[in-house]
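K.L.:
One structure follows; several queries about it will come next.
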Amino acid sequence: MIAYAIMVISVCFFLLPMLWIVYCSFRTQESIFTAKIFPPLEGFTLDNYRRILSVTDFPRYFLNSLRISSLVTLISLVVSVLGAYGLSRYDIKGKDAIIVGIFSTQMFPQVLMLIPLFLVVFSLNLMDTTTGVALTQLILVLPFCMWMLKGYFDTVPKDLDQSAEVDGANLFQRLVHIILPVASPGIAVVAFYSFVVSWSDYLIVSVVSQSQRTATVTLTISRLTASLLVRWGQVCAVATLTIVPTLILFAFVQRRLVEGLTAGALKE
Amino acid sequence: MNRKNAYLLIIPALAIMCAFTVYPLAEGIRLSFTNASMLRPTYRYIGLGNFKQMINDRVFWLALRHSVVLTVIVVLLQLVLGLILAWAMKQEVPGMAAFRSVIMASWVIPVAATVTIFKFMAQPDVGFINIILRSIGLDRLVRYWFGDPSTAFACIILLHLWRNVPFYGITFLAAMQTIPESLYESAEIDGASPLQSFWHITLPGISHMIMVMVTIHVLWTFNNFDFVYLATGGGPVDSTQVLPVYVYKQSWDRYAAGYGASIGTVMLLLLAVYFVIYLLIQKKGEYER
């Protein structure tokens with residue numbers, strides 16, 4: 001009984017707000033302003049979507065976001081798989097220090113690093129480029145991905161790749177044929193996490209992006225509610241299109257997500 | 001295995017982290033001892049000048065207090081509510097599996113979207129919250145919830161809870177599922193109440209996960225910029241001003257890069273003290289085991 005009560009309350013609190021904006025994205029401005037929850041049928045429309053997809057620059061920002069987040073995911077996958085394998089399988093000098101160091105980056109205030117970061121990107125001539133945004137966003141995801149994957153790789157018995165090495169398999173072959181199949185849930189989670197964090201990032205994009213060339217959906221949506229007369233129907237449509245990609249990916253990895261997220265913390 | 005290979009493997013990660021994390025951080029700390037400004041090309045070292053200025057900066061102290069209070073309240077509430085949610089999700093009742101699979105949705109959507117959703121819901125005229133309040137006759141409560149100094153801070157707390165409590169619940173649940181069922185069975189035979197077994201079996205069983213979640217969320221919440229900046233910008237009248245937002249405003253709106261950096265350095269110091277204490281506790285825990 002209590003469990004059911006908690007379930008119902010949670011659904012209302014955590015899911016209703018999302019459903020509400022999706023619902024309102026199909027309503028006209030007039031319908032929203034009647035302040036009724038269930039308006040008459042003529043209050044529903046597809047106009048909000050038609051407008052933001054054809055009149056505004058939203059499709060362009062959406063593609064920017066897709067491009068940046070895909071690049072972050074790709075680099076993050078390669079770098080963190082290699083790094084986590086190195087940390088999991090080899091006795092490197094200062095290994096513990098590196099692991100604590102990676103974890104401790106989580107306490108660095110991003111706002112403190114922002115101006116120097118801006119200058120680094122500037123001096124690399126990467127201002128307002130997809131690469132520039134992606135490279136800087138990597139610092140948001142790499143520590144967590146490496147930590148998570150290392151936890152995952154640690155659960156794969158060392159004998160497996162040691163015997164493969166004796167058989168003459170090189171590093172690449174060991175990674176592809178032995179580690180990756182076993183750790184594929186972890187890999188999926190790393191990809192998901194990288195994509196979503198990059199998609200959601202506001203702080204770094206707001207500094208590195210200077211124009212429409214690299215502006216993302218997150219940047220767009222945060223500027224929408226600033227004006228006085230807000231077209232709420234369109235805002236809701238933009239918000240819906242912003243959250244839908246992350247929700248679709250979430251649906252795909254949902255089952256593995258928990259397993260992957262907790263791999264690092266559960267093994268001890 | 002060959003040790004040289006190992007270094008090659010971690011060098012890409014270390015290089016990126018050095019160029020885009022360690023170096024900017026060191027530069028940020030260096031800037032905090034200067035009078036750097038975005039308005040002029042040159043600057044000089046002024047020793048502890050910025051930190052002296054901070055002592056008399058009323059807004060800094062306000063932001064510091066808000067940051068600490070926000071972090072403590074948010075993490076505590078998330079912990080308690082997360083435990084309750086995890087307990088509920090562990091009950092095998094019809095519909096629970098579906099519930100478990102969708103509940104983390106609020107955690108995966110962008111914070112900017114979350115803020116937009118709640119800003120819309122908090123609107124005085126068309127907001128869902130106020131529509132409901134009016135319909136049950138509480139018209140006097142109707143307001144723009146983020147625009148009222150007496151409610152804005154609570155709204156920020158609510159945003160954090162909305163995003164993170166399901167994440168806590170799901171991770172705690174995963175930890176609970178590693179506790180052998182036989183422990184509960186024998187406790188039941190010994191006559192332990194459900195509350196007793198929760199206290200003596202479940203909590204110790206997931207203590208490590210609790211430690212990790214609390215530690216990481218203290219760091220994340222204290223450093224969080226997006227929620228406050230996007231929802232209220234620190235206002236109204238500084239009622240939600242927190243350190244990350246204040247640093248950003250000093251650096252980018254008032255062009256006081258040096259002073260902004262010095263406040264950032266204070267944030268780092270506070271978190272470093274917290275982090276070292278965590279590491280010591282963790283070391284001690286391992287030693288005792």
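K.L.:
Starting from the Cα gyration tensor of chain B, take the square roots of the eigenvalues, sort them a ≥ b ≥ c, and report rounded, prolate or oblate (rounded when a/c is under 1.5, otherwise prolate if a/b is larger than b/c, else oblate).
P.N.:
Values: a/c = 2.16, a/b = 1.23, b/c = 1.75.
Note, shape of chain B comes out oblate.
K.L.:
Where does each of B:205-212, A:79-86 land if you order them by average Cβ count within 10 Å, highest first?
P.N.:
Details: B:205-212: 18.1, A:79-86: 25.2.
My ranking of the peptides, most packed first, is A:79-86, B:205-212.
K.L.:
Count the lysine pairs in segment A:19-168 that are 8 or more places apart or on different chains: how many have C-alpha atoms under 22 angstrom apart?
P.N.:
5
K.L.:
Setting aside same-chain residues fewer than 8 positions from B:Lys249, which lysines have a Cα under 28 Å from its Cα?
P.N.:
B:Lys52, B:Lys119
K.L.:
Pairs of Cα atoms under 8 Å, at least six residues apart: use those to get the relative contact order of chain A, whole percent.
P.N.:
Details: 267 pairs, mean separation 85.7, N = 268.
It rounds to 32 percent for chain A.
K.L.:
Could you compute the FRET efficiency for A:Phe38 and B:Ala26, with r as their C-beta to C-beta distance and R0 at 51 Å, rounded to 0.05?
P.N.:
Numbers: r = 58 Å, r/R0 = 1.13.
Efficiency for this residue pair is about 0.30.
K.L.:
Taking the C-alpha atoms of the protein assembly as shown, how large are the radius of gyration and the largest Cα-Cα span, Dmax, in Å?
P.N.:
Cα radius of gyration and Dmax of the protein assembly as shown are 24.4, 77 Å respectively.
K.L.:
If you take the Cα Rg of segment B:169-289 and divide it by 2.2 N^0.38 Å, with N the number of residues, what do you get? Mind showing how you got there, number by number?
P.N.:
Working: Rg = 21.1 Å, N = 121, 2.2 N^0.38 = 13.6 Å.
Taking N as the residue count of segment B:169-289, the ratio is 1.55.
K.L.:
Partner chain Cβ atoms within 10 Å, averaged over the residues of A:237-244 - can you pull that number for me?
P.N.:
Mean partner shielding for this stretch: 4.
K.L.:
Related question: Between A:Ile243, A:Ile139, A:Ile178, which gets the highest mean-square fluctuation from a Gaussian network model of chain A, Cα cutoff 10 Å?
P.N.:
A:Ile178
K.L.:
Using +1 at the Cβ of each Lys and Arg and -1 at the Cβ of each Asp and Glu in the protein assembly as shown, identify which of A:Ile2, B:Trp145, B:Pro94 lies farthest towards the dipole's positive end.
P.N.:
Final value for the positive-end residue is B:Trp145.
K.L.:
Could you go through segment B:183-198 in sequence order and give the Karplus-derived ³J(HN,Hα) for each residue, using 6.51 cos²θ - 1.76 cosθ + 1.60 with θ = phi - 60°, rounded to whole Hz, and x for Gly and Pro?
P.N.:
4, 5, 4, 5, 5, 5, 4, 6, x, 6, 6, x, 5, 5, 5, 4
K.L.:
Average partner chain C-beta neighbours within 10 Å, per residue of B:172-179?
P.N.:
2
K.L.:
For chain B, what's the relative contact order in percent, using C-alpha pairs closer than 8 Å and at least 6 residues apart?
P.N.:
It comes to 30 percent, rounded to a whole number.
K.L.:
Rank-order B:116-124, B:10-18, A:248-256 by packing density, defined as the average count of other C-beta atoms within 10 Å over each peptide's residues, highest first.
P.N.:
So the peptides B:116-124, B:10-18, A:248-256, ranked by packing, come out B:116-124, B:10-18, A:248-256.
K.L.:
Please report, in debye to the nearest 20, how large the charge dipole of the protein assembly as shown is about its Cα centre when each Lys and Arg carries +1 at its beta carbon and each Asp and Glu carries -1 there.
P.N.:
In debye, rounded to 20, the protein assembly as shown gives about 1300.
K.L.:
Okay, helix-only estimate at 222 nm for the protein assembly as shown: each DSSP H run of n ≥ 4 adds -39500 (n - 2.57), divide by all residues, round to 500 deg cm²/dmol; what do you get?
P.N.:
Working: 29 runs with 388 residues, N = 557.
About -22000 deg cm²/dmol.
K.L.:
Right, another one. Between the alpha-carbon centers of segment A:159-215 and segment A:1-76, tell me the distance in whole angstrom.
P.N.:
Between the Cα centre of segment A:159-215 and that of segment A:1-76, the gap is 30 Å.
K.L.:
Right, next: Counting partner chain Cβ atoms within 10 Å of every residue's Cβ in B:24-35, what's the average? Walk me through the numbers on the way to the answer.
P.N.:
Details: counts 14, 8, 2, 7, 10, 3, 1, 3, 1, 0, 0, 0.
Average per residue, whole number: 4.
All of the numbers you see were taken from the coordinates with simple rules; none came from a lab. Here the structure is a predicted model, which is why all the values come from computation and not from measurement. Glycine gets a Cβ as well: all are built from the backbone with ideal geometry, and neighbour counts include every protein chain shown.
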